[in-house]
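One structure is given below, encoded as structure tokens.
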Ligand SMILES: NC(=O)c1ccc[n+]([C@@H]2O[C@H](COP(=O)([O-])OP(=O)(O)OC[C@H]3O[C@@H](n4cnc5c(N)ncnc54)[C@H](O)[C@@H]3O)[C@@H](O)[C@H]2O)c1
């Protein structure tokens, strides 16, 4: 096997470096900047350390020609949505066209990007066939193996997450399984069709989205009733079958996006996906809800927003809902101070040094970065004015502890 990984982002790079411990691997990214950065030993996503990059045997290329000798091609390019929340298949279309142009008889193309059920064989395969002039199922084959990695999480690394595998036919499935089995210590899980594997991934994130939407709805109801949602959830959680979801912002490249892929396909098939879309709508309301509550507490004082990324301990800003909170505040004439330990520059935002954030009437702790956890409740107290309120969106701090230290906390 000569393996190529196409798209060296949050998913592709860690996968490629892991594969390179067992196989001959070439990583291809069409971004020359990204390839230069990786060749210089730096990964801006912080998923792969400089040491691993220095030691890896994998080759890097920004030219599709650089992977033409490979016979096992893994596609890990983005699958975002457009401004109308419809799937934007542009990157996967581009990658399929490029791969099609270098495809050879006997090659296997495995897609890892999150897509709707049917996308690989109905959308990507025709592009591969057209560009290569080869026939699917006779000349070349496909697999689908969704990536379930959680960037920024150093415990649930790729090797420790069971890998779902599928293939065009039994023989391809065996080959796909044999490659992933080499690197996944948690093991693989075979499914009988590519469509089923695609569906499994997309429902994992849709399920999380819907469950979070339910507790977000509870948070908005209980806020009106002056009931602490976390206390209620902890109490309800003492029942064996109560699911432990917590309210919060749902952003990023996965949970807030993937349900739209499933919804798109459902609509195409003539089904109205009410629950999926209603979950999306509820979760998208949370930034406005938070901003409105901030405005109620703000008075004449300053507002600071700590944390911009879509999740903790990760520099990924894509589709972060913290930006929506800021947008609503701005629309009401409030320009908050902003800080994030992973960023110092961003167009349209002026960052403030953490030490300069003081005397605020509201501090929104939006992302539970370790740097903020380490500050403890007293660290936040120092940033607030006497009557100030800490918006602890991640429920990091114990309410009793906050009370003891005379810090007023608002949380979802
Ligand atoms: N980030 C996550 O948390 C996560 C987790 C599981 C699954 N996924 C899925 O994995 C896929 C990739 O996500 P990501 O977060 O790694 O994206 P990313 O944006 O971090 O990386 C994608 C890379 O692909 C490159 N690229 C785009 N088009 C290309 C092309 N035609 N040829 C070669 N390279 C190309 C880009 O330059 C970029 O470096 C998506 O479908 C996503 O839904 C992501």
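All of the numbers you see were taken from the coordinates with simple rules; none came from a lab. Note that the structure is predicted; figures quoted are calculated from it, not measured. Using ideal geometry, Cβ is built from the backbone for each residue, glycine included, and neighbour counts are taken over all protein chains shown.
By DSSP, what percent of the beta bridges with both residues in the chain are antiparallel, rounded to the nearest 5? Before the final figure, lay out the partial values.
Values: 4 of 45 bridges.
Antiparallel bridges: around 10 percent, rounded to the nearest 5.
Could you identify which residue out of 374, 174, 312 has the top mean-square fluctuation in a GNM of the chain using Cα springs shorter than 10 Å?
374
Would you mind ranking 119, 314 by Cβ crowding within 10 Å, fewest neighbours first? Please list the in-between numbers first.
Details: 119 25, 314 20.
Final ranking by Cβ density, sparse to dense: 314, 119.
Once a ≥ b ≥ c are taken as the square roots of the eigenvalues of the Cα gyration tensor of segment 1-107, is the result rounded (a/c under 1.5), prolate (a/b larger than b/c) or oblate (a/b not larger than b/c)?
Values: a/c = 1.98, a/b = 1.17, b/c = 1.69.
Oblate, because a/c is 1.5 or more while a/b does not exceed b/c.
For segment 110-147 and segment 30-53, what is the centre-to-centre distance using only Cα atoms, to the nearest Å?
One Cα centre to the other: 28 Å.
Once a ≥ b ≥ c are taken as the square roots of the eigenvalues of the Cα gyration tensor of segment 291-384, is the result rounded (a/c under 1.5), prolate (a/b larger than b/c) or oblate (a/b not larger than b/c)? It would help to have the intermediate numbers written out before the result.
Details: a/c = 1.61, a/b = 1.09, b/c = 1.48.
Oblate shape, in that a/c is at least 1.5 and b/c is the bigger or equal ratio.
Between residue 239 and residue 170, with labels modelled 7 Å along Cα→Cβ, what's the label distance in nm to one decimal, could you check?
Label-label distance for residue 239 and residue 170, simple model: 4.6 nm.
So what is the 222 nm mean residue ellipticity for the chain from helices alone, if each DSSP H run of at least 4 adds -39500 (n - 2.57) and you divide by all residues, rounding to the nearest 500 deg cm²/dmol? Present the calculation step by step, with values, prior to reporting the outcome.
Values: 14 runs with 159 residues, N = 412.
About -12000 deg cm²/dmol.
Over the chain, with a Gaussian network built from C-alpha contacts below 10 Å, which listed residue (333, 252, 379) shows the highest mean-square fluctuation?
333
For segment 277-412, give me the percentage of DSSP beta bridges that are antiparallel, rounded to the nearest 5 percent. Display every interim value, and only then the final one.
Details: 2 of 19 bridges.
Expressed as a percentage, antiparallel bridges in segment 277-412 total about 10.
Looking at the chain as a GNM with Cα springs under 10 Å, which of 24, 332, 285 has the largest mean-square fluctuation?
332
If packing is taken as the mean number of other Cβ atoms within 10 Å per residue, what is the order of 89-99, 13-23, highest first? All intermediate terms of the calculation are to be shown ahead of the outcome.
On the way: 89-99: 20.0, 13-23: 22.2.
Output ranking for 89-99, 13-23: 13-23, 89-99.
So if R0 is 25 Å, what FRET efficiency would residue 224 and residue 399 give, r being the distance between their Cβ atoms, rounded to the nearest 0.05? Each step should come with its number before you reach the end.
Working: r = 19 Å, r/R0 = 0.75.
The pair residue 224/residue 399 has a calculated efficiency of 0.85.
Can you grab the distance from the C-alpha centre of segment 161-192 to the C-alpha centre of segment 241-279, Å, no decimals?
What the calculation gives is 27 Å, centre to centre.
Determine which residues of segment 1-21 fall in the zone a paramagnetic label at residue 101 would reach in this model, i.e. backbone nitrogen under 19 Å from the point 7 Å along Cα→Cβ.
4-8
So, in nm, how far is label residue 189 from label residue 268 when the simple model puts each one 7 Å beyond its Cα toward the Cβ?
2.4 nm
Normalised by the number of residues in the chain, what is the relative contact order in percent for Cα pairs under 8 Å and 6+ residues apart?
11 percent
How high is the relative contact order of segment 2-192, in percent, with contacts defined as C-alpha pairs under 8 Å that are six or more residues apart?
18 percent
Rounded, prolate or oblate, given the Cα gyration tensor of segment 2-192, with a/c below 1.5 counting as rounded?
Details: a/c = 1.35, a/b = 1.25, b/c = 1.08.
Rounded shape, in that the Cα axes give a/c under 1.5.
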